[in-house]
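Readers should treat all values here as calculations from the given coordinates under stated rules, not as data from a laboratory. Remember, it's a predicted structure, so these values are computed and weren't measured experimentally.
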Amino acid sequence: MGSSLLKRLSKEGYEVCCLKRSTSDCKRVEKILDKCLWQNVEEKEVKDIFKEYSIQMVIHCATDYGRSEDNNLHVYQSNISFPLEILEEAIKAGCKYFINTDTFFCKQMNDVWKEDREMYMGEYTKSKYIFRSIVKEQMEKLNIAFINLQLEHIYGKGDSKEKFVGFLLDSLQSNVEQIKLTEGKQTRDWTYLEDVLDAYMVVVQNMEKFREGIFYHFEVGTGKETSLREFVLTAQRISKSSTKLVFGGKETKKNELMYSCADNHALLELGWKPKIDITLGLKEMIGVKNG
């Protein structure tokens, strides 16, 4: 999503300084490489970057999902330590706004440690929750406005095969023999990428409404929930795939969040409105023309 947001910001005429690793793959933004300022985090300290540029706003999109098989301690460094460092240096430099990219998976966090139970996307979800909790607890002491955007289930063009929708559409369009799925009772607020980008832009364009020392929270989603089963069947219908869908062929992950839907009233009041429903979104991804 970060690369898509960068393209949108560049198109809208914003000057953007991008932090990345020296090993980062920039293919998705190669057409606008010369329109942005690039800094490798291994080569320059964050504090020096803020000294070099007059940065008015930070948009934090980077994350580590913890999909590797090692101990995943790096997830906490990427999702807690690093953004805290950026936030601290932003405040020291007089930066006025910090936009944080959060996840709907944090809804799983109620008493999770007290019960000592496993959780789907555990390290990722905990680390995202810890970061925003630390900031929220300290907010009155921080000379910056913190805008937390909690994203629902995003899908859109360019989704990798590692993501569910990318995997699903690739399998359906390839007409693989079968796809084993859970019963599909989970509901999600499926939100198309372009609508999510619109949400960021609405926040950016209304920055004068946000005050330092305040934690603002916006849930980014359509406000409608659809079951995974219905979403998959819709994708199969639009793609005209012969693939057999085996619902119940996989077990639902232990303690997986079963229901999620955004309360988007605050974002709607700010001027945002989702435009793309599931059918239109899937047609866009599959390449089916309307009409």
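Brief remarks on what is shown
- Filter on Lys20/Lys224; Lys128/Lys209; Lys136/Lys273; Lys161/Lys185; Lys141/Lys224; Lys185/Lys244 - keep pairs with C-alpha separation over 30 Å: Lys20/Lys224; Lys141/Lys224
- Alpha-carbon centroids, the range 183-211 and the range 234-287: separation in whole Å: 14 Å
- Between the alpha-carbon centres of the range 1-31 and the range 136-161 there is a gap of 17 Å.
- Overall size of the chain from C-alpha positions, given as principal axis extents largest first: 57, 48, 40 Å.
- Gyration tensor (alpha-carbon) shape descriptor, the range 9-96, a/c threshold 1.5: oblate
- Per-q log10 I(q)/I(0), the range 150-189, q = 0.20 Å⁻¹ (Debye; single scatterer per alpha-carbon; no solvent): -0.73
- In degrees, nearest ten, helix 2-11 long axis to first principal axis of the chain (Cα): 60 degrees
- Cα long-axis angle, helix 122-138 against the chain (0 to 90 degrees, to the nearest 10): 30 degrees
- The range 101-226: C-alpha gyration tensor shape, a/c 1.5 cut-off, then a/b vs b/c: oblate
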